[in-house]
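Heads up: the structure comes next, in structure tokens.
The values are calculated or read from the model by the stated rules, or taken from the named source; none is laboratory data. These numbers come from a predicted model, not from an experiment. Backbone-built Cβ (ideal geometry, glycine too); neighbour counts: all protein chains shown.
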Amino acid sequence: MSDEFEVIGRIVRNAHDEVLVKSGTYWNIEVIDIRWYKDDKPTNKGIRINKEEAIRLLKILGRELNGNTGKENERETGQEES
């Protein structure tokens, strides 16, 4: 990551593996980077998405974790929900 990123959260799996959630700017776009780290080194496993996409991902995860109430068969298309 060439620009500056701030760690905003972490999920420790064990003594060697953890997920770091970072926020920052990449190519003049505000992004969230969620990536696995092994022994404090980033792996290729992860996702970097802009903040608008992160909001849509949060909605999808919220539906899944709340028992798919309401929109269990609807795909997230980037359109605003009504």
Query raised in the report: Which members of the range 25-41 meet the condition of being at pLDDT 95 or above and surrounded by 14 or more Cβ atoms within 10 Å (Cβ to Cβ)?
Result: V31, I32, D33, I34, R35, W36, Y37
Report task. Tell me which of these G46 doesn't satisfy, since it passes every other one: (1) part of a helix (DSSP H, G or I); (2) surrounded by fewer than 16 Cβ atoms within 10 Å (Cβ to Cβ); (3) within 14 Å of the chain's Cα centre (by Cα). Result -> (1)
Report task. Kindly establish whether N14 is assigned to a loop (DSSP other than H, G, I, E, B), exposed (fewer than 11 other Cβ atoms within 10 Å of the Cβ) and not basic (K, R). Result -> yes
**Report entry** Qualifying positions in the range 53-82 - surrounded by 11 or more Cβ atoms within 10 Å (Cβ to Cβ), of a type in the set (D, E) and either modelled with pLDDT of 95 or more or under 26 Å from R13 (Cβ atoms) (or both)
**Finding:** E53
